[in-house]
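The values are calculated or read from the model by the stated rules, or taken from the named source; none is laboratory data. Keep in mind it's a predicted model, so treat the numbers as computed, not measured. Glycine gets a Cβ as well: all are built from the backbone with ideal geometry, and neighbour counts include every protein chain shown.
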Amino acid sequence: MPDTTPPPALPDRLSTDPRSPHHIAAVFEQDIGIRFNDKERFDVSEYCISEGWIKVPAGKAVDRKGQPLLIKLKGKVEAFYRPAGA
């Protein structure tokens with residue numbers, strides 16, 4: 001029997017880094033999609049809808065702790081849950 005409980009509402013700001021105060025584990029139980037300037041992005045590490053920015057890795061560069069260096073891109077940000085079969 002499939003689970004019919006609705007997923008939690010997507011927050012205004014969300015991060016994939018578990019060390020971040022903007023990381024909400026319950027949201028990541030389903031696939032999340034990010035549309036940036038009307039194009040779907042698959043490399044987003046953090047987003048903020050109200051301020052209109054996303055953070056993405058800057059190539060293969062990493063900091064001294066091995067975490068990817070992130071750059072901030074500004075534009076129109078939309079977050080959504082992807083359908084289960086897609």
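Overview of values
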quantity	calculated
Identity of the residue in segment 19-52, in contact (Cβ under 8 Å) with a residue 40 or more places away in the chain and part of a loop (DSSP other than H, G, I, E, B), that ends up farthest from Leu73 (Cα to Cα)	Gln30
Residue that is modelled with the lowest pLDDT [pool: residues in segment 29-55 that are in contact with a Phe, Trp or Tyr (Cβ under 9 Å, 6 or more places away or on another chain) and of a type in the set (Val, Ile, Thr)]	Ile32
Subset of segment 1-18 that is surrounded by 10 or more Cβ atoms within 10 Å (Cβ to Cβ) and free of Cβ contacts under 8 Å to residues at least 24 places away in the same chain - its residue that is nearest to Val77 (Cα to Cα)	Pro11
Filtered residues of segment 53-70 (kept if assigned to a loop (DSSP other than H, G, I, E, B) and surrounded by 16 or more Cβ atoms within 10 Å (Cβ to Cβ))	none
Residues located in segment 71-86, provided they are part of a strand (DSSP E or B), at pLDDT below 95 and over 11 Å from the mean Cα position of the chain (by Cα)	none
